[in-house]
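Bear in mind that the values in this text are calculations on the coordinates, not laboratory data. Keep in mind that what you see is a predicted model, and the values were worked out from it rather than measured. Every residue, glycine among them, receives a Cβ derived from its backbone with ideal geometry; neighbour counts consider all protein chains shown.
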Amino acid sequence: MAEKKYGHFDDANREYVITDPKTPWPWINYLGNEDFFSLISNTAGGYSFYKDAKFRRLTRYRYNGVPMDNGGRYFYIKDGDTVWNPGWKPCKTPLDSYECRHGMNYTRITGSKNGVEASVLFFVPLHTWAEVQKMTLKNQTKEVKTLKVFSFAEWCLWNAATDMENFQRNFSTGEVEVEGSTLYHKTEYRERRNHYAFYTVNTEIQGYDTDRESFIGLYNEFAEPEAVMEGKPRNSFAHGWSPIASHYIEVTLQPGESRDLIFLLGYVENEQDKKFSAKKVINKEKAHQLIKKFDTTEKVDAAFAELNQYWDNLLNIFTVKSGNDKLDRMVNIWNQYQCMITFCMSRSASFFESGIGRGMGFRDSNQDLVGFVHQIPTRARQRIIDIASTQFPDGGCYHQYQPLTKRGNNDIGGGFNDDPCWLIFGTVAYIKETGDFSILSEQVPFDNQSGSEVSLFEHLKISMNHIINNLGPHKLPLIGRADWNDCLNLNCFSWDPNESFQTTENKGEGSKAESLMIAGLFVVTGKDYIALCKQLAKEASNCREGEIAGLAEEDYLVEADRMQQAVDAMSEAVKQYGWDGEWFLRAYDFFGNKIGSNENEEGKIFIESQGWCTMAGIGQEEGLCGKALDSAKERLECEHGMVLNNPAYTTYHVEMGEISSYPEGYKENAGIFCHNNPWVIIGETVAGRGNDAWNHYTKILPSYVEEKYQTLHKVEPYVNCQMVAGKDAAKPGEGKNSWLTGTAAWMWYTVSEFILGIKPDYEGLNIDPCLPSTAHEYEVTRKFRGGEYHIVVKNPEGREKGVKQITVDGKVIDGTIIPCSAGKHEVIVQM
Ligand code: BGC
Ligand code: NOJ
């Protein structure tokens, strides 16, 4: 049965084109990639914020509303008695045509009605604290058209959390100013805030509104604002209640004529002593400057061209030509784009993450780095320092920090014992990409306390030590509150529904709860750490000072040795106590009972330990990896990907925690938690099983899903989502929690480094593909440390793994590492 399609890819323009506004769920995009961000749905819903979706929310949004996706930047066009919106919502007047194009940090929504076309281009210009909305109105009829255009944005009172709860205060604080065509929002500016927002348009206006009730009417909906319906702005001035910004513009268009209106939603910060230009009057100087930068079509078009150029440059760092469009469009466009978004947002703001729940995650942001570091290494570098600055002297860490303050907090729990390892994961990815060892000498504080600084290398060391210092009865890592699977709460024992599993007291004392996932993660990152130490030994002996981050060659060799012993011991412990016969165990619980064992009734096998222990290659020679991968395939795989555990838990297990709180097939209880599928896929590539790797990979590759299931899948078909309902769910294949997921970075890492096999390494690019036997040839262009490598991989015999020979600029090289050198290079790889 063919499913209805709501859109399609336009690869040449790097866009996803939505052709029906009634998508199965709002399909969104992100504007901005630095400080100022907006979320925008295909019907122009969403909101804007500066840096931090919790503390600096500019416009208001209503999550989980009825109808769905309420609040946004709305344009109402009144043409005679007909009122319509270019994005269909909120009036939902049937349009004569509709199209939404989501591109790289921009969205263009075009609607037409009764011979008038309105096309709005939304984007945040580079390095700018504002969203541009360029509206082009076209009269396609043979008559003169007189239109009444109303804009609309609703201000949030900055703190998105209190904005939704403290009405006894909020309804009295709202303040605005109006100056010409610019509507200013200055709530709380009189006291401690030094920032305000504005909404402007580059033409004279014939009226405005700044008070919501006056504009909409108390009992009306967004779909029927009184002012619009009557075609008369109220020129209202907000005092408290709910400040908004709406321009009223009368537009007359001759037959065939078109006209641009440029709206700008901006944010300004002033120095403490320059807050006011007169008593109670905000200093608008910076706003004026900002407005001037985007007040003509030419200026806006130039800024848009710059944004596109920026993305050309970013996406030219790694491109593939494989002859398979579905692969190419994900690798060349959407996967990399999603990595930029997860780098910027972590898990804070999406249509599933409210922007007030979670900030930047310690483990999440470190993992996001592997998808981003090749794009803008300098920003990755800063991120690593920011994250490490929230660590504690014993290697433990805050689980998250708010982007605005960069201070760690326990708002979403703490004491997850996998966290420290991820710092090594992220840092190593950065150094391999850039060759910049100097980052390890950076002086980085603990818990942001100045005076506590030690080198970043020292942070890595104590991260490893944190695992070594927290081993359980089987010499396996103690799990703490939980590991990567933060719903495996083995020390929580909660019977109180008012407690959050993530923040409730952890009964760690006397616990025997150990994690095989952390064991595998420790071996993988431990090996990375050892390789790093060995490389540092070399670098230290070669450099003039004879040391790096305060340590000399000998120190690094000793450290590498120490860690090798720890890694070997961990591998042994896994083999001895972590093998269940056909697969790796998942954990031991508080009492020392097995989890993820054939002995268990439910949850016999889990994906995370199969992934990490096979990535680590533990027991490879003894055949354990092959067996574990086969078991994962047999028991976890289904049509839509691999589920997290099997069989699903059918009842609540107090000794297990949140995992068993979910109904079967959802989230961490046997959902297809896409993030962890790549772990098994990489495990498959380590074992050289290219066909299996490819099969698992394409099951969760958005472009493959797009082709098959738009209605069932529900969420955006151009990005990965966190979770797809698993085989035990009511609707297997239904996606949730799109956009902000570690899946993005892991899919990128998997395809770029392990399938296509282009791995940045200390001395150069290591080429080691693992392919399906149908892949006979492909090309990758990779920019890397000043060089540009055009790599052609030839696989006429359809081999899954094993490089036979590599030539660089016509010369055969030893081994598989292409040494770094500037300029363009032709590389031929024979499988
Ligand atoms: C979710 C997890 C999430 C955690 C963190 C849980 O309810 O199931 O996926 O990571 O909350 O807040
Ligand atoms: C989502 C969280 O962001 C991540 O940190 C966690 O590892 C996964 N859920 C799995 O529970």
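Straight-line cross-link reach from residue 406 at under 13 Å between alpha-carbon atoms covers these aspartates and glutamates, not counting any fewer than eight positions away in the same chain: 52, 386, 447. Within segment 271-384, the proportion of Cα pairs with more than 19 Å between them is 66 percent.
Database remark: amide H of residue 96 closer than 5 angstrom to the amide H of 112, 113, 114 (H placed geometrically; neighbours at sequence offset of 5 or more, or on other chains; Pro and chain starts carry no H).
The residue among 26, 8, 59 whose Cα reaches farthest toward the positive pole of the charge dipole of segment 1-87, with charges on the beta-carbon of Lys, Arg, Asp and Glu, is 59. Size descriptor for segment 412-460, Kirkwood hydrodynamic radius: 12.0 Å (Cα pairs only, one decimal).
Across segment 443-529, the mean sequence separation of Cα contacts (distance under 8 Å, 6 or more residues apart), normalised by length, yields a relative contact order of 25 percent. By DSSP, the beta bridges lying fully in the chain are antiparallel in about 95 percent of cases. In terms of Cα atoms, the Rg and Dmax of segment 114-222 work out to 17.1, 55 Å. From the alpha carbon centroid of segment 543-593 to that of segment 122-139 is 52 Å. Take every Cα pair under 8 Å whose residues are at least 6 apart in sequence, average their separation, divide by the length of the chain, and the relative contact order is 9 percent. Near residue 818, the amide H atoms lying under 5 Å from its own belong to 765, 766, 767; only residues 5 or more places off or on other chains count, and H is placed 1.01 Å from N. Among 339, 674, the order by Cβ neighbours within 10 angstrom, fewest to most, reads 339, 674. Label zone of residue 794 (point 7 Å out along Cα→Cβ, amide N under 20 Å): in segment 754-776 this covers 756-758, 767-776. Evaluated on segment 1-140, the Kirkwood hydrodynamic radius is 15.6 Å, with distances taken between all distinct Cα atoms. For the residue pairs 507/736; 78/286; 54/148; 534/804; 113/736; 51/759, alpha carbon separations beyond 29 Å are given by 507/736; 78/286; 54/148; 113/736; 51/759.
Comparing Cα centroids, segment 24-85 and segment 644-716 end up 30 angstrom apart. Choose one of 703, 93, 354: the residue whose Cα lies farthest towards the positive end of the charge dipole of the chain (beta-carbon charges +1 Lys, Arg; -1 Asp, Glu; about the Cα centre). Final value for the positive-end residue is 93. Dipole size of segment 481-529 about its Cα centre, with +1 on Lys/Arg Cβ and -1 on Asp/Glu Cβ: approximately 180 debye, rounded to the nearest 20. With a Förster radius of 30 Å applied to the beta-carbon distance between residue 450 and residue 269, the computed FRET efficiency rounds to 0.80.
Across segment 209-220, rounded Karplus estimates of 3J(HN,Hα) from the backbone phi angles (6.51 cos²θ - 1.76 cosθ + 1.60, θ = phi - 60°) give 9, 10, 10, 4, 4, 5, 6, 8, x, 4, 9, 9 Hz, Gly and Pro being marked x. Computed from the C-beta positions of residue 312 and residue 276 and an R0 of 60 Å, the FRET efficiency is 0.90 to the nearest 0.05. With each label modelled as a point 7 angstrom along the Cα→C-beta vector, the residue 552-residue 8 pair spans 6.8 nm.
For segment 712-817, taking Cα atoms only, Rg and Dmax work out to 18.0, 58 Å respectively. Farthest towards the positive end of the charge dipole of segment 256-395, among the residues 391, 374, 307, is the Cα of 391, using unit charges on the Cβ of Lys, Arg, Asp and Glu. By the combined test of axial Cα extent (at least 20 Å) and Kyte-Doolittle hydropathy (mean at least -1.0), the qualifying DSSP H helices of the chain come to 297-315, 419-434, 516-542, 553-577. For segment 223-318, what class follows from the C-alpha gyration tensor (a ≥ b ≥ c being the square roots of its eigenvalues): rounded when a/c is under 1.5, otherwise prolate if a/b is larger than b/c, else oblate? Cα axes put segment 223-318 in the oblate bin.
Using a simple spin-label model with pseudo-atoms 7 Å out from Cα toward Cβ, residue 192 and residue 811 lie 6.4 nm apart.
Overall, segment 555-629 carries a charge dipole of about 140 debye about its Cα centre when +1 sits on the Cβ of Lys and Arg and -1 on the Cβ of Asp and Glu, all other atoms neutral. Model label points for residue 237 and residue 220, set 7 angstrom from Cα along the Cα-to-Cβ axis, are 2.2 nm apart. Applying 0.36 nm per residue to the separation of residue 292 and residue 779 and subtracting their alpha-carbon distance, the gain on full extension is 170.8 nm.
Among residues other than residue 504 with Cβ under 13 Å from its Cβ, the summed charge is -3 (Lys and Arg +1, Asp and Glu -1).
Annotation: amide H of residue 596 within the under-5 Å range of 586, sequence separation 5 or more or interchain, hydrogens built in the peptide plane.
For the chain, the C-alpha radius of gyration divided by 2.2 N^0.38 Å, with N the number of residues, is 0.98. The packing ranking of peptides 604-617, 474-487, highest mean first, is 604-617, 474-487, where packing means the average number of other beta carbon atoms within 10 angstrom of each residue. Taking other residues whose beta carbon is less than 14 angstrom from the beta carbon of residue 403, and scoring Lys, Arg as +1 and Asp, Glu as -1, yields +2.
The protection proxy used here, the mean number of other Cβ atoms lying within 10 Å of each residue, ranks peptides 688-700, 293-305 as follows, highest first: 688-700, 293-305.
Which value, in debye to the nearest 20, describes the size of the charge dipole of the chain about its Cα centre when Lys and Arg Cβ atoms bear +1, Asp and Glu Cβ atoms bear -1, and nothing else is charged?
The calculated dipole for the chain is roughly 1840 debye.
Sorting the segments 240-250, 738-748 by their residues' average number of neighbouring beta-carbon atoms within 10 angstrom, most packed first, yields 738-748, 240-250. If you sort the three axes of the alpha carbon gyration tensor as a ≥ b ≥ c, you get a/c under 1.5 for segment 344-483, which makes it rounded. Remark: C-alpha extents of segment 538-681 on the principal axes read 62, 30, 28 Å, sorted largest to smallest.
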